[in-house]
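Engineer: Next up is a structure, given as structure tokens.
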Amino acid sequence: MQKISLLVILFTISVVAHAAFNKSEHEQLAQINEEYRLKSNELTTRIQSLHQKSLAFFPEKSKPIDELLESWLSMLEMKCQLESFESLGTDSEVAVHEECAIAEKEKIADYFESMISMP
């Protein structure tokens, strides 16, 4: 009887400890996801601004500039879907996708900055 009581107590402690760990882990992941979303949104705003500046600097190139950005954003989405494929349905799915998107958006922003700074 004492063994059963001890097992019940250990099981209860295990369940509570596991639930607490999962809550902490979930909160950390939510915080990471939010940080990635904010960074991604900041980069989107930066890209939009740089895109508008490039159109102002090179109005004769507006069509290829627009098409380049459109195709680059489409490629970004496809690439990040592919890179996050293994994490689909897991807690890290959003973080993996956003991390990829941030890296690609930084490349886009850098490209438009270099275009604008050309002599």
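The values are calculated or read from the model by the stated rules, or taken from the named source; none is laboratory data. In this text, all values refer to a predicted model and were calculated from it rather than measured experimentally. Quick reminder, even Gly has a Cβ in these numbers, built from the backbone with ideal geometry, and neighbours come from all protein chains shown. Note: areas computed on protein heavy atoms with side chains; ligands, DNA, RNA excluded. Shrake-Rupley method; radii C 1.70, N 1.55, O 1.52, S 1.80 Å.
Engineer: Among the numbered criteria (1) of a type outside the set (Ser, Thr, Tyr); (2) under 10 Å from the mean Cα position of the chain (by Cα); (3) not in a helix (DSSP H, G or I), which single criterion is violated by MET118?
Structural biologist: All conditions are met except number (2).
Engineer: Here are the criteria: (1) modelled with pLDDT of 95 or more; (2) not in a helix (DSSP H, G or I). Tell me which single one GLN52 does not satisfy.
Structural biologist: (2)
Engineer: Also: How do the pairs read when you match residues in the range 101-113 that are closer than 14 Å to GLN48 by Cα with residues anywhere that are of a type in the set (A, V, I, L, M, F, W, C) and open to solvent by 30 Å² or more (accessible area, probe 1.4 Å), using Cβ under 6 Å and keeping only pairs 6 or more apart or on different chains?
Structural biologist: Sorted first by the residue in the range 101-113, then by its partner, the pairs are ILE108/TRP72.
Engineer: Of everything in the range 45-78 that's among the hydrophobic types (A, V, I, L, M, F, W, C) and under 21 Å from the mean Cα position of the chain (by Cα), which residue is nearest to GLU104 (Cα to Cα)?
Structural biologist: So in the range 45-78, the residues among the hydrophobic types (A, V, I, L, M, F, W, C) come out as 47, 50, 55-58, 65, 68-69, 72-73, 75-76, 78.
From what is left, the residues that are under 21 Å from the mean Cα position of the chain (by Cα) are 47, 50, 69, 72-73, 75-76, 78.
Working: ILE47: 11, LEU50: 15, LEU69: 12, TRP72: 9, LEU73: 9, MET75: 9, LEU76: 6, MET78: 11 Å.
Out of the qualifying residues, it is LEU76.
Engineer: Let me confirm something: among SER84, SER40, which residue is farther than 30 Å from MET118 by Cα and surrounded by 14 or more Cβ atoms within 10 Å (Cβ to Cβ)?
Structural biologist: Values: SER40 fails: farther than 30 Å from MET118 by Cα.
Checking each option against the conditions leaves just SER84.
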